[in-house]
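The values are calculated or read from the model by the stated rules, or taken from the named source; none is laboratory data. Computed from a predicted structure; not experimentally measured. When we count neighbours, we look across all protein chains shown, and the Cβ atoms used for this are built from the backbone with ideal geometry, even at glycine. Remember, those area values only see protein heavy atoms, side chains included, never the ligands or the DNA or RNA. Shrake-Rupley method; radii C 1.70, N 1.55, O 1.52, S 1.80 Å.
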Amino acid sequence: MPLSTQSQADDEQYVLVASLDNARNLSNILKAIAFKDHAIFSATPNGLKVTVEDSKCLQANAFIQAEIFQEFTIREDSVGFQVNLTVLLDCLNIFGGSTAPGVSTALRMCYKGYGYPLTLFLEEGGVVTVCKINTQEPEEPVDFEFCSTNVTNKVILQSESLKEAFSELDMTSEVLQITMSPSQPYFRFVVKNLKLLSTFGNSGNAHYDYPKDSDMMELFRCDKTQTNRYKMSLLKPSTKALALSCKVSVRTDSRGFLSLQYLVRNDDGQICFVEYFCCPDEEVEE
């Protein structure tokens, strides 16, 4: 493969080099958080974290472990930059993003450091294209201070159950209400036999309850009854990650902040994670 013939001397000029035999393994996970133009890239020896935010009310993080890449070399403790995510995705799909069996686009992503562009070498069928994307100094992501010690309720569900629920939701509604409780309704999320997610909109109320002993429920841990409302406009982008995922963890903390963690398998069966944080619209006293 032409991309593999780059010399070691070429690599030494970069502080970050990441290679994939299938660029879709990166582009698909980035699409799951592509609801704003710009993304913050943070690389460590453990892998790549990509963050997208909206108005300090919503944050999405995609985690791509170093083991996912065929090559992942970082010459500093951490490397960070900000790029236009829309442009990056366009480049990653420059060959059309074919899903045909045996056809894939190889990727070599290189970064020299502060002030330099992010350079992509993309190869398919012996044709190599080089894309250079301007980078910016990364902004500091919002710290939602969502820590496991403050988590009051947590459920893990097979994603199919939530996909069904969201497909029936009126996404034009303004608010999504989630109730998690040690007793009935357990987990209500506007889908029959789930938990407590209630939508309020012009079309009226709809809700779905998930029993804690449902086949779709892999873990149910609720310490107290909690009902919170979230703006549907903030949650809507997370449906991109839901569509790709096979499991989802729903957590709330004592402040009502929501964490949605999605387990995503790429084309090669490897596991990546996408996490959304969302602040509550208002607290509902039951």
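Structure notes:
- For the chain, the Stokes-Einstein estimate of translational diffusion at 37 °C and a viscosity of 0.692 mPa s comes to 163 µm²/s, using the Kirkwood hydrodynamic radius over alpha-carbon pairs.
- Residue-wise HN-Hα couplings along region 257-268, as the Karplus relation 6.51 cos²θ - 1.76 cosθ + 1.60 with θ = phi - 60° gives them from phi, are 5, 10, 10, 10, 10, 10, 8, 10, 9, 7, 4, 9 Hz; Gly and Pro carry x.
- Taking amide H atoms as placed 1.01 Å from N in the peptide plane, the amide H of E71 lies under 5 Å from those of S19, each 5 or more residues away in sequence or on another chain.
- For the chain, the solvent-accessible area works out to 47 Å² per residue, with a probe of 1.4 Å and every protein chain left in place.
- Nearest-0.05 FRET efficiency for Q184 and Y116, computed from C-beta distance (R0 41 Å): 0.10
- FRET efficiency, 1/(1 + (r/R0)^6) with R0 25 Å, evaluated for E218 and D268 via beta carbons: 0.60
- Using θ = phi - 60° and Karplus 6.51 cos²θ - 1.76 cosθ + 1.60, couplings along region 59-66 (whole Hz; Gly, Pro as x): 9, 10, 10, 10, 10, 10, 5, 4
- Helical runs (DSSP H, four residues minimum) scored at -39500 (n - 2.57) apiece and divided by the length of the chain put the mean residue ellipticity at 222 nm at -3500 deg cm²/dmol.
- For region 76-153: rounded, prolate or oblate by the Cα gyration tensor [a/c cutoff 1.5]: oblate
- Charge tally around S249: other residues with Cβ under 11 Å, Lys/Arg +1 each, Asp/Glu -1 each, net +2.
- Surface composition of region 3-151: carbon and sulfur make up 45 percent of the accessible area, probe 1.4 Å.
- Our note on the geometry: Cα centres of region 21-61 and region 112-155, 5 Å apart.
- Computed lengthening from Q65 to V103, 0.36 nm per intervening residue step minus Cα-Cα distance: 11.3 nm
- About its Cα centre, the dipole of the chain is roughly 440 debye, where the only charges are +1 on Lys and Arg Cβ and -1 on Asp and Glu Cβ.
- Too-long pairs where the Cα-Cα distance tops 19 Å, listed order kept, from K212/K247; K36/K154; K36/K236; K36/K112: K36/K154; K36/K112
- Taking other residues whose beta carbon is less than 9 angstrom from the beta carbon of T152, and scoring Lys, Arg as +1 and Asp, Glu as -1, yields +1.
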